[in-house]
Amino acid sequence: MTEVQDLVRYCDDLLEAARFTDYAPNGLQVEGERPIQRLVSGVTACAALIEAAIAEQADAILVHHGWFWKNENPCLTGIKGRRARTLLRAGASLIAYHLPLDAHPELGNNATLGRRLDFIDTEPTALANGLVWVGRLTEPMTPAAFAEHVSQRLARPAQRVGRENGVIERVAWCTGGGQSYLEQAADLDIDAFLSGELSERTTHQARELDLCYLAAGHHATERYGIQALGEHLAKRFGLWHHFVEIDNPA
């Protein structure tokens, strides 16, 4: 068994959490009643994940999207109150890492997504504190073929806007809600940009920049980093670990 404070200190150092100004607190968000022997991970600390973790008799839940977001009502009422009561009654801890998990060069969401999609020569850029990555496809593809490749690998249809013709070879990406970096990423000599979401303005930007833009799903692009972190912690501390997939088409 591992004390929750020891696990969190290790994660803080591993992910360099202190170097990020984030939208929510990173690390231990809810302190449970016992050391950690059984760890459940998931993308978002929703009610379904909490209930699944309780069914697995988890001592802690590790997530990418935790609680207490900036500019959000901090009161534990309504949905948040019900989630908190369920977690506290179970005596389990809640641990969350947001931007630090996006950026980690080995376990992070961007790194693991690049491996999932078979990108090569991948590396973080200086954009957004290392949150935007670049790489190449193993062989050139048309925009339609690239969208199909991503859709198959993520088991979710990707939305494609912008460039219709030509080939895709060099790509940039930022998991989750990274569409706002599209215009900056255009200066990286890329053919395509991939993220999770599609904003209204993104279509116009992609067309005017003559880039292929893929929105592959916020959840779908951010489910591999938390799995990698959970597996790493299980090996490092000798924990039982299980990733729980809560279906989310967005």
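Counting every pair of alpha carbons in region 91-237, the share spaced more than 19 Å apart comes to 48 percent. Helical runs assigned H by DSSP (4 residues or longer) give the chain a calculated mean residue ellipticity at 222 nm of -10500 deg cm²/dmol, each run adding -39500 (n - 2.57) before division by the residue total.
Residues whose amide H comes within less than 5 Å of that of PHE243, counting only those at least five positions distant or on another chain, are SER41 (H built at 1.01 Å from N in the peptide plane).
Most simply put, region 100-204 has about 75% antiparallel DSSP beta bridges, counting only bridges with both residues inside it.
Residues in region 101-111 carry Karplus couplings, in order, of 6, 4, 8, 4, x, 10, 9, x, 4, 5, 5 Hz; the curve used is 6.51 cos²θ - 1.76 cosθ + 1.60 with θ = phi - 60°, and Gly or Pro positions show x.
Taking the longest Cα principal axis of the chain as reference, the axis of helix 143-154 is set at about 20 degrees. Protection proxy ranking for 187-195, 211-219, 234-242, using the average of other Cβ atoms within 10 Å per residue and placing the highest first: 211-219, 187-195, 234-242. Sparse packing (at most 12 other Cβ atoms within 10 Å of the Cβ) combined with a DSSP loop state is found for the following GluC sites (Glu not before Pro) in region 46-80: GLU72.
Taking the empirical scaling 2.2 N^0.38 Å for compact globular proteins as reference, the chain has a Cα radius of gyration ratio of 1.04. Our coupling estimate for region 12-18, obtained by passing each phi through the Karplus curve with A = 6.51, B = -1.76, C = 1.60 and θ = phi - 60°, is 4, 6, 4, 8, 6, 4, 5 Hz, Gly and Pro reported as x.
Remark on region 32-165: hydrodynamic radius 17.5 angstrom, per the Kirkwood mean of 1/r across alpha carbon pairs. Of TYR10, TYR23, the residue with the largest accessible area leads and the full order is TYR23, TYR10 (1.4 Å probe).
Per the Kirkwood formula on distinct C-alpha pairs, the Rh of region 185-240 is how many angstrom? Averaging 1/r across every pair of different Cα atoms and inverting gives 13.6 Å.
With a Förster radius of 22 Å applied to the beta-carbon distance between ARG116 and THR86, the computed FRET efficiency rounds to 0.10. Annotation: amide H-H contacts under 5 Å for GLY32 (H modelled 1.01 Å from N, sequence separation of 5 or more, or interchain): SER93, LEU94. The string of couplings for region 200-207 from the Karplus curve (6.51, -1.76, 1.60, θ = phi - 60°) is 4, 6, 4, 4, 5, 4, 4, 5 Hz, one whole number per residue in order, with x for Gly and Pro. With the cut-off at under 14 Å, measuring from each backbone N in region 221-250 to a point 7 Å along the Cα-to-Cβ line of TYR10 picks out 229-241.
The stretch between ARG207 and PHE68, if pulled fully straight at 0.36 nm per residue, gains 46.4 nm over its current Cα-Cα span. Every Cα-Cα pair in region 1-52 was counted, and those over 12 Å apart are 73% of them. For region 1-127, DSSP calls about 30 percent of its internal beta bridges antiparallel. Near PHE20: Cβ cut-off under 15 Å, other residues only, Lys/Arg at +1 and Asp/Glu at -1. The net charge is -3. Taking each pair of distinct Cα atoms in region 35-114 once, what is the resulting Kirkwood hydrodynamic radius in Å? Final number for the Kirkwood radius of region 35-114 is 13.4 Å. Sorting the Cα pairs of region 97-160 by distance into bins of 5 Å, from 0 upward, gives 4, 18, 24, 22, 20, 11, 2, 0 percent per bin.
With Cα atoms as the point set, region 128-184 shows a radius of gyration and Dmax of 11.8, 32 Å.
The values are calculated or read from the model by the stated rules, or taken from the named source; none is laboratory data. Keep in mind that this is a model prediction, so the values were computed, not measured. Ideal geometry is used to build each Cβ from the backbone, glycine not excepted, and the neighbour counts take in all protein chains shown. Quick note on the areas: whole protein, heavy atoms, side chains included, nothing else; ligands and nucleic acids left out. Shrake-Rupley method; radii C 1.70, N 1.55, O 1.52, S 1.80 Å.
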